[in-house]
Amino acid sequence: MLESIRAVNPVLQALLATLFTWFLTALGSAMVIFFKDIKRGILNAMLGFAAGVMIAASFWSLLAPALEIAEANGDVAWVPVAAGFLSGGLFLLVVDKILPHLHMGLDTKKAEGIKTSWQRSILLILAITLHNIPEGLAVGVAFGAAALNGANGSYLGAITLALGIGIQNFPEGAAVSIPLRREGMSRRKSFFYGQMSGIVEPIAGVIGALFVIKMTSLLPFALAFAAGAMIFVCIEELIPEAQRDEKTDSATVGAMLGFTIMMILDVALG
């Protein structure tokens, strides 16, 4: 199986992997067909779970390999990794300040980014879309790195990362579409916009793979960049949103569970 995967162009690998993660976002969004509302505690657990997976993936799938590769290249390992990590966070900070978006449950006046007259529903969707940029980027960079490394373990690691991101995308998709339904959208529109929030992942995945392949010397930087972007999203967006009301225990349990599952997947399979 791994030989078959290695024979495929790495950019196509990244595209197929991120189409898989987008598909699971769409599958989660389809839950709006069965549910019109979602309890806040469950929503918090979903957001916490997503944060836990992303935090674990940032270290096990991205930062640890980045340090190993930088050391093998004869570099001072922490220099490109620290630079990449901080650059990834800075990139998402700039996007966060520019891209108009609104978090669930907040008044339209509290929208972030450049001021705009866009509809509330569009601003809500863009908030989740922001979460998905680093996820797709991480998967794309991982497959690009695997192609350059050529080792079976690198491919297993990339596949594991895609699987972990996909697993957390399922509840994330539901966490988008069901609140949109609660906002007054039809089930069809809620599903459509919910799954559309994940379509940015294949785009970011292809960009990540292309960047790594074209700039091979920057591989440790690129892996750390993706990790920094994901950690930024967790700290800036997911965790505060999951801790917004008094039902914080479910968010904490969800984060612990998500971290554990991603760690097991990465250590056992990667």
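The values are calculated or read from the model by the stated rules, or taken from the named source; none is laboratory data. Just so we're clear, the structure is a prediction, and the values are computed from it rather than from any experiment. Neighbour counts run over all protein chains shown; Cβ positions are idealised from the backbone, glycine included. Note: areas computed on protein heavy atoms with side chains; ligands, DNA, RNA excluded. Shrake-Rupley method; radii C 1.70, N 1.55, O 1.52, S 1.80 Å.
Take the conditions in contact with a His (Cβ under 6 Å, 6 or more places away or on another chain) and open to solvent by less than 60 Å² (accessible area, probe 1.4 Å) and apply them to LEU123. Does it pass?
Considered against the rule, which asks whether it is in contact with a His (Cβ under 6 Å, 6 or more places away or on another chain) and open to solvent by less than 60 Å² (accessible area, probe 1.4 Å), LEU123 comes out as yes.
Looking at GLU201, is it modelled with pLDDT of 90 or more and of a type in the set (Asp, Glu)?
yes
Taking the options GLY52, GLY41, name whichever one is touching a Lys or Arg at 6+ places or on another chain (Cβ under 8 Å) and small (Gly, Ala, Ser).
Testing whether each residue is touching a Lys or Arg at 6+ places or on another chain (Cβ under 8 Å) and small (Gly, Ala, Ser) leaves just GLY41.
Can you tell me which of LEU2, LEU47, LEU93 is crowded, with 18+ Cβ neighbours inside 10 Å and at pLDDT below 95?
After applying the criteria, what remains is LEU47.
Scan region 174-191 for residues that are open to solvent by 50 Å² or more (accessible area, probe 1.4 Å) and within 21 Å of the chain's Cα centre (by Cα) and jot them down.
Selection gives PHE191 alone.
Could you grab me the full set of residues in region 55-90 that are open to solvent by less than 20 Å² (accessible area, probe 1.4 Å) and within 30 Å of THR116 (Cα to Cα)?
Matches in region 55-90: GLY88, GLY89.
Return yes when TRP60 is of a type outside the set (Gly, Ala, Ser) and within 16 Å of LEU156 (Cα to Cα) and no when it is not.
Taking the combined requirement at face value, the residue satisfies it.
Filter region 192-221 down to the residues that are in a loop (DSSP other than H, G, I, E, B) and within 19 Å of GLN119 (Cβ to Cβ), then identify the one that is most open to solvent (accessible area, probe 1.4 Å).
If we take residues in region 192-221 being in a loop (DSSP other than H, G, I, E, B) and within 19 Å of GLN119 (Cβ to Cβ), then ILE199 is most open to solvent (accessible area, probe 1.4 Å).
Somewhere in region 169-191, is a residue more than 20 Å from ALA14 (Cβ to Cβ), in contact with a Gly (Cβ under 7 Å, 6 or more places away or on another chain) and not in a helix (DSSP H, G or I)?
No, there is no match, as no residue in region 169-191 is more than 20 Å from ALA14 (Cβ to Cβ), in contact with a Gly (Cβ under 7 Å, 6 or more places away or on another chain) and not in a helix (DSSP H, G or I).
Restricting to region 222-270, name every residue that is open to solvent by 40 Å² or more (accessible area, probe 1.4 Å), aliphatic (A, V, I, L, M) and closer than 22 Å to ILE128 by Cα.
If the condition is that a residue be open to solvent by 40 Å² or more (accessible area, probe 1.4 Å), aliphatic (A, V, I, L, M) and closer than 22 Å to ILE128 by Cα, then ILE235, ILE239, VAL253, MET256, LEU257 are the ones that fit.
Filter region 90-113 for residues that are assigned to a helix (DSSP H, G or I) and either touching a strand residue (DSSP E or B) at 6+ places or on another chain (Cβ under 7 Å) or closer than 18 Å to VAL212 by Cα (or both) and give the result.
Once the filter is applied, which keeps residues that are assigned to a helix (DSSP H, G or I) and either touching a strand residue (DSSP E or B) at 6+ places or on another chain (Cβ under 7 Å) or closer than 18 Å to VAL212 by Cα (or both), region 90-113 yields PHE91, ASP96.
Read through the list (1) open to solvent by less than 30 Å² (accessible area, probe 1.4 Å); (2) of a type outside the set (Gly, Ala, Ser); (3) under 26 Å from VAL253 (Cβ atoms), then give the number of the only condition that ARG40 fails.
Condition (1) is where ARG40 drops out.
Return yes or no: is THR25 over 26 Å from VAL253 (Cα atoms), of a type outside the set (Phe, Trp, Tyr), at pLDDT 85 or above and part of a helix (DSSP H, G or I)?
In short, no.
Would you call THR129 farther than 19 Å from VAL212 by Cα and not in a helix (DSSP H, G or I)?
no
Taking GLY144 as the residue in question, decide whether it is under 15 Å from the mean Cα position of the chain (by Cα), crowded, with 23+ Cβ neighbours inside 10 Å and modelled with pLDDT of 85 or more.
It is false that GLY144 is under 15 Å from the mean Cα position of the chain (by Cα), crowded, with 23+ Cβ neighbours inside 10 Å and modelled with pLDDT of 85 or more.
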